[in-house]
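Written below as structure tokens is the structure these notes are about.
The values are calculated or read from the model by the stated rules, or taken from the named source; none is laboratory data. As the structure is a prediction and not an experimental result, all values here were calculated from the model. The area values use the complete protein model at the heavy-atom level, side chains included, leaving out ligands, DNA and RNA. Shrake-Rupley method; radii C 1.70, N 1.55, O 1.52, S 1.80 Å.
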Amino acid sequence: QDMTEKELLKMELDQLKKEVKNERQMVSKTGKEIKEYVESMAGEDPLLKGVPEDKNPFKEKGGCAIS
């Protein structure tokens, strides 16, 4: 990066100004809500249940043999 220290500090200040506007909530409350959401969506999660071979766009289409 070819930014001066002043430019980097301005970017950081701008980011902090944006973050200070975010509503804060206690982790004890939001953690429980996130856990419940994740558990309720687990049945639809392809990382947990897998992707059917016929719908997998990344499956092997064929092999290559060099002899």
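Each principal axis of the Cα cloud of segment 5-55 was evaluated for its coordinate range; sorted largest first, these ranges are 53, 32, 13 Å. Of all lysines in the structure, the ones whose alpha carbon falls short of 19 Å from that of K49, not counting any fewer than 8 places away in one chain, are K35, K59. For the chain, the longest principal axis of the C-alpha atoms and the axis of helix 5-20 are separated by about 80°.
Report in % the part of the accessible area of the chain that belongs to carbon and sulfur, leaving out ligands and nucleic acids; probe 1.4 Å.
57
Straight-line cross-link partners of K17 among the lysines, defined as a Cα under 24 Å from its Cα and at least 8 positions apart when in the same chain: K6.
Listed by chain and number, the aspartates and glutamates placed with their C-alpha closer than 16 angstrom to that of K10 are D2, E19; residues fewer than eight positions away on the same chain are left out.
If I fit a long axis through the Cα atoms of helix 27-41 and take the longest principal axis of the Cα atoms of the chain, what angle between them do I get, 0 to 90°, rounded to 10? Computed tilt is about 20 degrees.
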